[in-house]
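These notes are about the structure you will find just below.
Every number here is computed from the coordinates shown, using simple stated rules; none is lab data. What you are looking at is a predicted structure, and each value in this text was computed from that prediction instead of being measured. Positions of Cβ are generated from backbone atoms using ideal geometry, with glycine treated the same way; all protein chains shown enter the neighbour counts.
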Amino acid sequence: MSATHGLKEIWRSGRFRLADLPSVADALVQELTGVLPGSKDEVIPTGVVALQGQMGAGKTTLVKAVCAAWSVKEDAVSPTFGLIQCYNRQGKPIYHLDLYRLKHEEEAWDLGLTEYFDGEALNFVEWPEQAPGLLPADAVLLEVHVHGLQHDGERELILSRPAS
């Protein structure tokens, strides 16, 4: 997802409360399955989802809900201090990366984070703006907007893909 490529909005959740996140995650899973590559017999697609949202917007909570919608057994947790978490569903990895603590994009390259994007996995990347050149050109953007107070405000998700 390069800054030189324009983005086209393809889905918007509408405003919802966090209590409604499981049903919103179900709808998001359908959208991600339709927009990301993957064979027809695979439940979980392959590709990169860049997650943007302010601190406390619920990005990790969203990944947890999406993993639950895909019947992932592991509990999704914040990868802030470990940088990467891996969850599996029937052997298919879902990587959850958090780039918040990176000081420079070069750190991401030095750590070899692009190798996660090269395989047959689904990747959720929080704080992609910390290393914008790291993400592949076909990455999709999922924005998490908070309307109101962080702890009880409504959320809205906007999914965009690179314009063709």
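Most simply put, the range 1-152 has about 30% antiparallel DSSP beta bridges, counting only bridges with both residues inside it.
Using every pair of separate Cα atoms, the Kirkwood estimate puts the hydrodynamic radius of the range 35-164 at 15.1 angstrom.
A simple charge model with +1 on the Cβ of Lys and Arg, -1 on the Cβ of Asp and Glu and nothing else charged puts the dipole of the range 117-164 at about 100 debye relative to its Cα centre.
Please list 46-54, 23-31 highest first by mean number of surrounding beta-carbon atoms within 10 Å per residue.
Per-residue mean Cβ counts within 10 Å order the peptides as 46-54, 23-31.
Since only Pro136, Leu113, Leu157 are under comparison, the one whose Cα sits farthest along the positive direction of the charge dipole of the range 84-164, derived from C-beta charges on Lys, Arg, Asp and Glu, is Leu157.
Of the listed peptides 69-77, 89-97, what is their order by residue-averaged count of other C-beta atoms within 10 Å, with the highest listed first? Show your work: numbers first, answer last.
Details: 69-77: 15.0, 89-97: 18.0.
Result, highest mean first: 89-97, 69-77.
Per-residue ellipticity at 222 nm, computed for the chain from helices alone with -39500 (n - 2.57) per DSSP H run of at least four residues, works out to -6500 deg cm²/dmol. The length gained on full extension between Gln90 and Asp138, counted as 0.36 nm times the residue separation minus their Cα-Cα distance, comes to 14.8 nm. Here the range 41-109 is treated with +1 on each Lys and Arg Cβ and -1 on each Asp and Glu Cβ, and its dipole about the Cα centre works out to around 220 debye. For the range 9-164, a simple Cβ point-charge model (Lys and Arg +1, Asp and Glu -1, everything else neutral) yields a dipole of about 420 debye relative to the Cα centre.
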